[in-house]
Amino acid sequence: MKIGFIGLGHMGTGMACNLVKAGHEVTVYNRSPEKATPLVEQGARATSEITDACAGELVITMLADDHAVESVVLGASGVVASLGNNAVHASMSTVSVALSERLAAAHATAGQRYVAAPVFGRPEAAAAGKLFIVAAGADQAIDACLPAFAALGQKTFRIGDRPEAANLVKLSGNFLIAAMIESLGEALALVSKGGIDRRVYLDLLTSTLFTAPVYKNYGGMIAEGKFEPAGFAAPLGQKDIRLTLAAAEALRVAMRLASLLRDRFLTLLAQGGENLDWSAIARLAAKDSGQG
């Protein structure tokens with residue numbers, strides 16, 4: 001496929017690389033052009049214009065937040081202004097439900113197709129092509145993306161024909177991960193203060209009750225207190241909980257735990273945690289117990 005890829009951050013670089021390795025004709029765009037150099041060496045083409053990245057059948061955006069996506073997609077000379085008739089935009093960023101609805105409407109008006117396809121997986125999963133992709137949109141639009149998705153992830157889940165549904169699922173998933181981080185941080189603070197080795201305790205948990213990789217991966221980071229370099233930075237975690245609460249308010253769903261997590265992230269950021277992994281909220285429980 002002829003694919004444009006916009007956004008070469010921690011996740012996007014590995015994803016674009018896998019598209020090149022799979023034999024796709026990939027044009028990459030990034031606000032900081034130097035990030036494209038390693039991809040060009042592997043066979044991608046770099047451009048300084050969003051328009052050039054929209055010349056093919058598919059353009060993928062993988063950007064940090066609503067503001068970045070809105071600027072790239074809806075701005076002058078952006079994706080909507082540049083994408084060809086019936087071509088597809090797959091937004092793989094974690095954005096708000098409200099923005100996804102706006103993007104769907106804008107693309108429909110322009111005669112283009114839009115798929116929301118946020119992903120679960122950290123940068124190492126992106127580099128390995130092992131992401132889980134949550135896709136929503138018209139069936140034919142998703143079908144058109146499948147050759148690219150096959151290079152990016154190990155499985156694609158179809159959620160429905162409304163693109164914003166995929167974003168709601170993604171936000172709910174990130175809420176659950178953050179809730180797990182908080183609860184695990186509290187449990188580790190408890191047993192640690194009781195004189196139990198954190199690593200032994202974590203080995204017991206992840207070998208019996210909670211064998212999922214998310215417990216093993218984040219549990220190891222929490223037990224070791226290793227929150228740098230950030231695979232998913234704390235400000236992004238705070239953003240996702242904020243978007244979860246916005247979606248909950250729109251649907252009139254009370255999410256008390258999400259409100260607690262919002263305050264946890266704000267506390268972490270207020271204490272200088274901007275450059276830490278979002279799992280660093282777990283260390284706040286230790287501080288609250290007098291161990292930090």
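Laboratory data are not the source of any read-out in this text; all were calculated from the coordinates shown. The model shown is predicted, which means the values in this text are computed figures rather than measured ones. Note: ideal-geometry Cβ built from the backbone for every residue, glycine included; neighbour counts use all protein chains shown.
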Matching residues in region 188-228 - criterion: being touching a strand residue (DSSP E or B) at 6+ places or on another chain (Cβ under 9 Å) and free of Cβ contacts under 8 Å to residues at least 12 places away in the same chain: Lys226
Residue within region 201-212 that is over 17 Å from the mean Cα position of the chain (by Cα) and within 30 Å of Asp66 (Cβ to Cβ) present: yes
Selected residue (criterion: surrounded by the most Cβ atoms within 10 Å (Cβ to Cβ)) from residues of region 1-48 that are basic (Lys, Arg) and more than 22 Å from Phe232 (Cβ to Cβ): Arg45
The listed residue being in contact (Cβ under 8 Å) with a residue 24 or more places away in the chain, hydroxyl-bearing (Ser, Thr, Tyr) and closer than 20 Å to Thr13 by Cα, out of Ser77, Ser100, Ser91: Ser91
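Yes or no, residue by residue, for (1) within 23 Å of Gly78 (Cα to Cα); (2) in contact with an Asp or Glu (Cβ under 8 Å, 6 or more places away or on another chain):
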residue: Gly111; (1), (2): yes, no
residue: Pro118; (1), (2): yes, no
residue: Ile133; (1), (2): no, no
residue: Ala136; (1), (2): yes, yes
residue: Asp139; (1), (2): no, yes
residue: Ile142; (1), (2): yes, no
residue: Ala148; (1), (2): yes, no
residue: Phe157; (1), (2): no, no
residue: Gly160; (1), (2): no, no
Any helices (runs of 4 or more DSSP H) falling wholly within region 122-202 and containing at least 1 residues that are in contact with a Ser or Thr (Cβ under 6 Å, 6 or more places away or on another chain): 139-152, 163-193
